[in-house]
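Everything below concerns the one structure shown next.
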């Protein structure tokens, strides 16, 4: 078992809790995230006007020192050494810029997937709420209101009164004097 743990430690398994955080992986101190952040910072710097201005000043200074007779000409006219320096810089800058673009693309992809998942959830929630609202509208449409129940009970009382020939209420008021409009119904029924 100890051999397996040592193998996992040597293989750089980040989920292994027996390895201290920041421990060297396979004998080196390579951290992909740190290198990626460095490459992004460098790519960001190489794309600024400040860098282009500084590089232009450096080229002017280099050429002027090599063409003027003040100092020994270490890089004569075709400026081979300057050209080599720029070629080496380009050879390192291009992959670093590509690495930074790949990291940005990965972040954009994760962000897009998260936005897509959030949009699907929002759409599902909206559809659910629309169905619930439609169900509530149907339920409210079927609810009996107080006025409807009062009118129906009054009509039922009048029909029972007519059918059973019940005496008038003791207060002396008859159905024709009611202010709620039931006198019209009683005239229509009678």
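Every number in this text was worked out from the coordinates using simple rules, so none of it is lab data. Everything numeric here is computed off the predicted structure, so don't read it as measured data. Please note: Cβ atoms are built from the backbone with ideal geometry, for glycine as well, and neighbour counts cover all protein chains shown.
Computed from the Cβ-Cβ distance with R0 of 35 Å, the FRET efficiency linking residue 89 to residue 112 stands at 0.55. Report note on the peptides 35-45, 123-133: ranked by the mean count of other C-beta atoms within 10 Å, highest first, their order is 35-45, 123-133.
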